[in-house]
1. Heavy atoms of the protein only, probe of 1.4 Å, neighbouring chains included. What is the accessible area of Glu283 in Å², nearest 10?
2. May I ask you to give the percent of accessible area on the range 302-546 that is carbon plus sulfur, with a probe radius of 1.4 Å?
3. Within 12 Å, Cβ to Cβ, of Gly361, how many net charges do the neighbouring residues add up to if Lys/Arg are +1 and Asp/Glu are -1?
4. Under 5 Å between amide hydrogens, which residues at least 5 positions from Ser244 or on another chain qualify, with H placed 1.01 Å from N in the peptide plane?
5. Given +1 on the Cβ of Lys and Arg, -1 on the Cβ of Asp and Glu, and no further charges, what dipole in debye does the range 302-546 carry about its Cα centre, rounded to the nearest 20?
6. Hey, what's the Cα Rg ratio for the range 406-528 versus the globular rule of thumb, 2.2 N^0.38 Å?
7. I'd like the accessible area for Tyr209, computed on protein heavy atoms only with a 1.4 Å probe and all protein chains in place. Round to 10 Å², please.
8. Within 10 Å, count the other beta carbons around each residue, average over each peptide in 45-58, 299-312, and list them highest first.
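The values are calculated or read from the model by the stated rules, or taken from the named source; none is laboratory data. Treat the numbers as computed from the prediction; the structure is a model and nothing was measured. Here the Cβ positions follow ideal geometry from the backbone for every residue, glycine too, while neighbour counts run over all protein chains shown. Only protein heavy atoms, including side chains, enter the accessible area calculation; ligands, DNA and RNA are left aside. Shrake-Rupley method; radii C 1.70, N 1.55, O 1.52, S 1.80 Å.
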Amino acid sequence: MSGVLDHSDSLSDAGTAVDNNQRRTVAMEKGNYEDSKVPFLTLRTFFMTMLVSMGGICFGYDTGQISGFQEMDNFLYQFADQRNGPPDSPYSFTWQRSGLIVGMLSIGTLIGALTSASIANSRVGRKMSVLLWCAVFIIGNIVQMAAEYPEWYTMMAGRIVSGLGIGGLSVLVPMYQGEAAPTHIRGAIVCCYQLFITIGILLSNIFNYATEGIENTGSWRIPLGIGFLWPLILGGGMLLFPESPRHDYANGKVNRAQHSIAKFYGVSENHQVIHSQMRELQEKLESERAAGKGPWYEVFTGPRMLYRILLGMAIQMFQQLTGMNYFMYFGTTLFGSVGIGNSFITQIILGAVNVVCTFPGLYMVEKFGRRKCLTYGALWQFACWMVFASLGQFRLYTGGVDEAGERLTDQTIGYVMIIFACLFIASFASTWGPMAWAVVAEMYPTRYRSTAISFCASSNWIWNFYLAFTTRLISEQIDFAYGYVFAGCNLAAAATVYFFLLESNNKSLEEIDTMYLLHVPPLQSSKWEAPVGEDLVTADQVMLHGKKANGVGGTAAHREDTVANNGVVGGRL
């Protein structure tokens with residue numbers, strides 16, 4: 001794999017920078033540092049959050065618009081493969097072509113997510129990588145706008161290219177936010193990525209509704225054209241912000257890293273909290289340099305990394321299998337089938353619920369922690385799916401048919417189903433939507449973070465593709481009973497979080513790494529506190545010493561087994 005220190009020309013600079021930082025650290029340890037109150041949120045951090053989260057709008061906007069496109073007459077005329085449908089709608093998609101046009105975006109995102117890590121770890125860095133993926137997204141939009149009858153595959157190809165950009169941004173945005181954000185609000189800031197995804201979905205629903213009545217290609221090309229705005233804002237705005245402090249530090253730019261951290265925290269560079277952050281970065285850099293470059297598969301064989309990789313990929317898988325994209329990709333078609341007059345308006349309502357209910361999640365993630373929110377959220381979603389699926393399967397259809405041969409529905413039941421869809425979306429938007437990205441951004445040590453996050457994002461996109469490609473086929477076969485599948489997945493998601501995920505609220509990235517290495521029991525993780533005055537055992541130290549020790553429990557009390565190997569703890573690693 002490509003590590004953050006795989007740059008021979010920067011090692012000497014890094015060494016000099018570390019020496020300078022050590023001198024600053026010594027001065028600080030003598031008491032020459034400030035201890036004033038740290039602002040909760042600085043203006044710089046606020047604008048960084050808003051701007052970088054624009055990557056979420058790119059994702060959400062592209063996800064939401066395709067649902068409406070499939071109900072637009074001109075889009076159907078241009079790309080549908082069934083051209084002898086009912087008189088009121090002579091064109092329609094087979095599930096295969098619908099799945100390819102909708103789902104191939106996820107194949108692009110999968111590739112983009114997997115390739116983004118090596119680019120971000122190189123001298124290109126996090127900041128310039130964001131600009132690169134913005135450019136790729138724009139190219140994909142151009143290809144989509146150029147598509148026309150009968151070349152439906154041009155639309156599919158454009159969505160693949162746009163997906164490359166979205167996949168890269170899905171790794172880079174949480175990574176940059178997680179590395180730059182102050183510890184006490186890191187979870188809320190990373191969750192803003194999901195907030196902006198919901199805003200993007202809502203905006204696409206509104207623009208689809210505004211243009212769906214246009215009889216020419218403007219009905220779908222205008223929303224596509226508006227989509228150029230989001231990567232332009234993100235790319236242009238990133239030029240105003242610094243590189244990730246952790247990437248700067250790892251490449252020898254210690255002074256710039258310290259300056260950036262101080263600005264994001266809103267304190268002087270001589271503040272106690274900056275001293276603590278710089279000391280942790282110094283220790284990790286020294287461990288990484290001493291451990292050297294490892295093989296690509298070390299991301300799996302590193303200390304407790306296989307456990308964390310599998311857990312992160314499972315969380316991202318369950319974020320998809322909660323069933324949210326069942327409504328996002330096919331909501332317009334779905335609610336048209338339950339007797340709702342204008343399904344575009346219904347989609348706007350669902351999108352608005354998605355946005356509004358994400359805001360409580362920004363508070364809940366820091367107030368109640370990740371574990372509780374994800375567990376209770378999944379259980380609530382399970383209940384919503386059980387009601388939704390049962391009503392749709394057993395109460396929606398009246399048993400009669402209309403003149404066109406379509407089954408008649410009880411519209412009252414249809415409205416109740418929409419209510420429970422909204423209740424589901426309210427839970428997802430405040431828990432699994434934002435927090436799945438937050439816990440993944442926090443779970444991994446610097447040595448493996450970008451590569452590990454890319455694997456987790458890839459899991460998200462694989463299941464995203466599966467749902468986009470197969471949902472229409474499965475729905476045609478088992479109808480609303482599909483909801484029982486999602487209900488079961490939500491139960492499994494709750495169990496996975498409860499038994500395997502550690503609570504990372506109010507802990508630094510280095511402390512989270514230590515918790516996993518010490519095998520802190522998940523049920524006790526919310527009460528775990530890092531020992532004061534002791535060096536934290538890290539994955540880099542374990543790789544340096546290449547040893548597994550024995551007999552360490554999961555709490556700070558067991559730290560007495562620490563040996564004099566740069567803080568390496570005797571524990572089951």
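1. Near enough 40 Å² of accessible area.
2. Ligands and nucleic acids excluded, carbon and sulfur reach 65 percent.
3. Result for the local shell: +1.
4. Arg126, Lys127
5. So the dipole magnitude of the range 302-546 works out to roughly 200 debye.
6. Its radius of gyration relative to the 2.2 N^0.38 Å reference: 1.38.
7. Rounded to the nearest 10, the figure is 100 Å².
8. The densest-packed peptide leads the list: 45-58, 299-312.
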